[in-house]
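The next block holds one structure in the form of structure tokens; read it before the comments.
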Amino acid sequence: MTELRVYLLVKDLGRQFAAYMSTPTRARGYPPMQGEHSLIIEIAPALAIHRICDLALKKMPDMEPGLLYTERQYGILELHSADLGQLDEAGKAILDGIGHKADDQLRPRTLYADIIEDVSDQHAIILNRTREASMLLPGKSLLVYELEPALFATVAANEAERVAPGITLVDVQMIGASGRLFLAGTRAECERARDRIDEVLGSIVGRPGRS
């Protein structure tokens, strides 16, 4: 009865992405640190996420849950650890407990991507009023992504930071029907980030979602 929508291992958290995940709106549990690894899971129905959390923490009691969240349709759990092996064991306990394999998840699908050059003052101001990470400065290029399922915005953000360390994480919207990512930098940094995001998302194995 439990649908596995996302089973995502994000390795070696970047400084900006870890800091974003440590904000009060995200880290409702224990905040992750730079260099740790994160296992992020989304399932349906939403309340089944409590069974997922129970399976993981009874198998690996030292895991730190950073986010345990139920929205209207989906349940979301984030676990993190400096020990990748322990995180793998927690993940195996979850998959065994619900009778799924990791590649039973949905394959990510990009709905929209664009690079907007030389962002205007007014555009930067209005976007900064709602962002949850760093500020967008006028004159920068802005890389935007919309994709589904929403949680794949997390690995997109982390991989972008790894390949383009000078890029600025402006916002990540990782909960809901679709995920959104806002990154700012030079045109070249945005292009490197875009190419890496496309490469990583294209390599994720899963079942096709509804078109």
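The values are calculated or read from the model by the stated rules, or taken from the named source; none is laboratory data. Model, not experiment: these values are computed from the prediction. We place every Cβ from the backbone using ideal geometry, glycine too, and count neighbours over all the protein chains shown.
Scanning region 69-82 for residues that are touching a residue at least 40 places away in the same chain (Cβ under 8 Å), farther than 17 Å from Phe152 by Cβ and surrounded by fewer than 15 Cβ atoms within 10 Å (Cβ to Cβ) returns a single hit, Ala82.
Of all the listed residues (Val163, Val200), the sole one being of a type in the set (Val, Ile, Thr), within 30 Å of Thr70 (Cβ to Cβ) and surrounded by fewer than 24 Cβ atoms within 10 Å (Cβ to Cβ) is Val200. Please work out if Asp96 is surrounded by fewer than 18 Cβ atoms within 10 Å (Cβ to Cβ) and at pLDDT 95 or above. So Asp96 fits the description; yes. Tell me, which residue of region 103-132 that is hydroxyl-bearing (Ser, Thr, Tyr) and modelled with pLDDT of 95 or more is surrounded by the most Cβ atoms within 10 Å (Cβ to Cβ)? That would be Thr110.
Of the residues making up region 48-95, those that are out of contact with any Ser or Thr (no Cβ under 7 Å at 6 or more places or on another chain) and of a type in the set (Val, Ile, Thr) are Ile52, Thr70, Ile76, Ile94. Residues in region 1-50 that are crowded, with 18+ Cβ neighbours inside 10 Å, under 15 Å from the mean Cα position of the chain (by Cα) and in a strand (DSSP E or B): Arg5, Val6, Tyr7, Leu8, Val10, His37, Ser38, Leu39, Ile40, Ile41, Glu42, Ile43.
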